Structure formats: C-alpha cells, structure tokens
Amino acid sequence: MKSHVTKWGNSLGIRIPISLAKEVGISEGTPVDLHIKNGNIIIRCKKYRLETLLSLVTPENVHHEFDTGPPVGREIW
C-alpha cells in the first residue's frame, strides 16, 4: 500500500490508510513512537496496559470523591 508525504506546517505528515489503521487498532489521537532503524522510519503504536497505568497511581495523585448534588430525574442512588 502506498501513501504520500505532505507538508504540514513546519513538519512533514503522512496519511495512514484506514484499512491499515483498523488492522493495528489506531485512530485519531492514538499516541505513537517514531524510531529510525537501518535508515527506515518505524512507527510504533503506544499500547497501554491497565496494570502499568494503575502502577502510576499514588496517594499523592489519586482523585478523591466529590459530591455532584442531589439526583435529577429517575436516577436511583
């Protein structure tokens, strides 16, 4: 599959065909890492694991509960 490099501001951009994006599970806003290996640009999707993200939660950065007010409508609390 081919694509073209285009100018994007002071940088260059490349479009990823939707069929390839779906195959690797990426969409707009997905963080990626760029590397050069043997003269080639490698784009690697940044995959997050729940265990890795939870290990970053500490007592200093955990969010506490907050009151959103009384029920409105048919909510059951």
remark   = Of the residues in region 28-77, those that are open to solvent by 100 Å² or more (accessible area, probe 1.4 Å) and within 30 Å of G13 (Cα to Cα) come to E28, L34, I36, K37, N38, I41, R44, K47, Y48, R49
remark   = Result of the Cβ filter at 9 Å on region 64-77, keeping first residues that are free of Cβ contacts under 8 Å to residues at least 12 places away in the same chain and in a loop (DSSP other than H, G, I, E, B) and partners that are loosely packed, with under 10 Cβ neighbours inside 10 Å and of a type in the set (F, W, Y), at least 6 apart or interchain, is P70/W77; P71/W77
key: Per-region count, region 4-25, residues surrounded by 10 or more Cβ atoms within 10 Å (Cβ to Cβ) and at pLDDT below 90   = 1
query = Do you know which of the residues in region 26-66 that are touching a Cys at 6+ places or on another chain (Cβ under 7 Å) and not polar (S, T, N, Q) is farthest from M1 (Cα to Cα)?
reply = V32
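The values are calculated or read from the model by the stated rules, or taken from the named source; none is laboratory data. Please read these numbers as outputs of a predicted model, since none were measured by experiment. For neighbour counting, all protein chains shown are included, and Cβ atoms are generated from backbone atoms with ideal geometry for every residue, glycine included. For the accessible areas, the whole protein counts, side chains as well, though only heavy atoms, and no ligand, DNA or RNA atoms are used. Shrake-Rupley method; radii C 1.70, N 1.55, O 1.52, S 1.80 Å.
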